[in-house]
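To start, the structure itself, in structure tokens.
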Amino acid sequence: MTSREPIRKTGVRALRVSAADVARAAGVSPATVSYVLNDRPGVSVEMRSRVLAVAKDLGFSLERHGARLEPERTRVLGLIHPDISNPFYAELSAGAIDAARAQGYEVFLAHTQERSETLASVTRAMVARRVDGIILTVLHPDDGDIVRELRRSSTPFIQLSRRIPHLHADYVGVDDMAAAEAILRHVASHGYTDLVVITGPRNSTASAARAESFVATAKLLGLPLPPARRFNAYLADEGGHRVVQRLVADDALPRAIVCGSDAIASGAIGALRANGLRVPQDVAVTGFDGVFPAASVLAELTTVSLPRSRMAALAVDQVIRRIEGCGGPARDFIQPFHIRVGTSCGCVPDRRRTAAHRRSTDDTDQGET
């Protein structure tokens, strides 16, 4: 009976074991063995472990050939956003930096302003600088090439807030469809029938899901929401401001504006006030993200509040798990949301209720994962 297990060499014979011997025994190319021994990118964690195990079984002297048993870590994580000036992404950044430092990592931060070519350049720069893992809030459905590059370089990554549909990869986010339905139902409860919705770019899966849910919920409630009352805008104040200025110019202001982000809502409110209009007396406005603090001029903005700190910490924890070789299938970490009721929608202020909502928001954002 013959055995297919590699025969371990000892003594002088062990000194004669070559990288080619390891390649034959492992059933891989000599180039793959070279990549492993020199700790170069382009080999998966599983393949690297296999090659090293075969090398040990053969008696190949890893130390003599300068091979590292464990990849050399930089203790740096990459974090790529669409636009750091958006308060939502600024808060995610702060949460990720705090969570990373608690585990001995620093964060290499960048943004793309929604440009695919910038995303490709930034991702390559992070891989070249050997970040240990990357957190992406910026992926579009057509960014498959970015994912393939990361996998070729064996760089662990996680999707945060946005995701590529059907991609087998870790993801942290919320149920955007359910959250959008909840805020639109709240607006409809005031009896408004003339609505406009403003969401982020169509190629953001989070914005697309919110836009789809706004339309579906309006249909369920019997509210008119034709294409002329649906807008996409850049995820910043200027996006909401431009849409409202257009509505004012066309004499087409609605009774309520439902926004897909707080940044867009901020711009919309600013444009309304610049034109002498009151919120909510003339036009009601709601947001999405829950990023403005109690001291803000938008403290009374009715919005969907997301657990930003928790989401960021979860993304950091999971990408570090992948860096440390914790396998298993890709996971979705779907987080809770709640409606933070202010006065911008037309609700009557209730100091006790507002205080309770603020406590709830603080507890959610700082809670354990």
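Residues of region 179-191 that are surrounded by fewer than 19 Cβ atoms within 10 Å (Cβ to Cβ) and touching a residue at least 40 places away in the same chain (Cβ under 8 Å): A182, H186, H190.
The C-beta contact set for region 99-124 (first residue touching a residue at least 40 places away in the same chain (Cβ under 8 Å) and buried (at least 18 other Cβ atoms within 10 Å of the Cβ), second residue basic (K, R) and not in a helix (DSSP H, G or I), distance under 6 angstrom, 6+ apart or interchain) comprises Y105/R75. Scanning region 140-178 for residues that are closer than 20 Å to T112 by Cα and free of Cβ contacts under 8 Å to residues at least 60 places away in the same chain yields D143, G144, D145, I146, V147, R148, E149, L150, Q159, R162, R163, I164.
Which of the residues that make up region 125-139 are without any contact (Cβ under 8 Å) to a residue 60 or more places away in the chain, in contact with a Pro (Cβ under 9 Å, 6 or more places away or on another chain) and farther than 22 Å from A208 by Cα? Scanning region 125-139 gives a single hit, R130. Any chance region 204-216 includes a residue that's in a loop (DSSP other than H, G, I, E, B) and within 27 Å of L253 (Cβ to Cβ)? So far as region 204-216 goes, yes, one or more of its residues are in a loop (DSSP other than H, G, I, E, B) and within 27 Å of L253 (Cβ to Cβ). Among the numbered conditions (1) crowded, with 22+ Cβ neighbours inside 10 Å; (2) assigned to a helix (DSSP H, G or I); (3) touching a strand residue (DSSP E or B) at 6+ places or on another chain (Cβ under 9 Å), the only one that I198 does not meet is (2).
Here's the yes/no breakdown for (1) modelled with pLDDT of 95 or more; (2) among the aromatic types (F, W, Y); (3) touching an Asp or Glu at 6+ places or on another chain (Cβ under 8 Å):
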| site | (1), (2), (3) |
| --- | --- |
| H166 | no, no, no |
| I183 | yes, no, no |
| A188 | yes, no, no |
| T199 | yes, no, no |
| S213 | yes, no, yes |
| L225 | yes, no, no |
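Residue check: is S213 among the hydroxyl-bearing types (S, T, Y) and either closer than 19 Å to C345 by Cα or out of contact with any strand residue (DSSP E or B) (no Cβ under 7 Å at 6 or more places or on another chain) (or both)? Taking the combined requirement at face value, the residue satisfies it.
Could we say that N203 is closer than 23 Å to V174 by Cα, buried (at least 16 other Cβ atoms within 10 Å of the Cβ) and either at pLDDT below 95 or not assigned by TED's automatic domain parsing to the domain that holds I269 (or both) here? So N203 fits the description; yes. Considering only residues that are under 12 Å from the mean Cα position of the chain (by Cα) and over 13 Å from L79 (Cβ atoms), look in region 304-324 and name the one that is surrounded by the most Cβ atoms within 10 Å (Cβ to Cβ). For region 304-324, the residue satisfying everything is R308.
Would you mind stating whether L235 is crowded, with 17+ Cβ neighbours inside 10 Å, at pLDDT below 95 and in a loop (DSSP other than H, G, I, E, B)? Criteria met by L235. When V215, V244, V258 are checked against the criterion of being assigned by TED's automatic domain parsing to the domain that holds L301 and surrounded by fewer than 24 Cβ atoms within 10 Å (Cβ to Cβ), a single residue qualifies: V215.
Does E91 satisfy the condition of being surrounded by 14 or more Cβ atoms within 10 Å (Cβ to Cβ), touching a residue at least 12 places away in the same chain (Cβ under 8 Å), more than 25 Å from T303 (Cα to Cα) and charged (D, E, K, R)? The answer is no for E91. Just one of (1) surrounded by fewer than 18 Cβ atoms within 10 Å (Cβ to Cβ); (2) without any contact (Cβ under 8 Å) to a residue 24 or more places away in the chain fails for A208. It is (1).
Of all residues in region 218-264, those satisfying the criterion of being aliphatic (A, V, I, L, M) and touching a residue at least 60 places away in the same chain (Cβ under 8 Å) are L235, A236, A256, I257, V258, A263, I264.
Does A249 satisfy the condition of being at pLDDT below 95 and out of contact with any Lys or Arg (no Cβ under 8 Å at 6 or more places or on another chain)? No: the conditions fail for A249. For the condition at pLDDT 95 or above, outside the structural domain of E114 (by TED's automatic domain parsing), closer than 19 Å to T343 by Cα and within 21 Å of the chain's Cα centre (by Cα), D194 does not qualify.
The values are calculated or read from the model by the stated rules, or taken from the named source; none is laboratory data. Quick caveat: nothing in here was measured; it's all calculated off a predicted structure. No Cβ is skipped: glycine too gets one built from the backbone with ideal geometry, and neighbour counts run over all protein chains shown.
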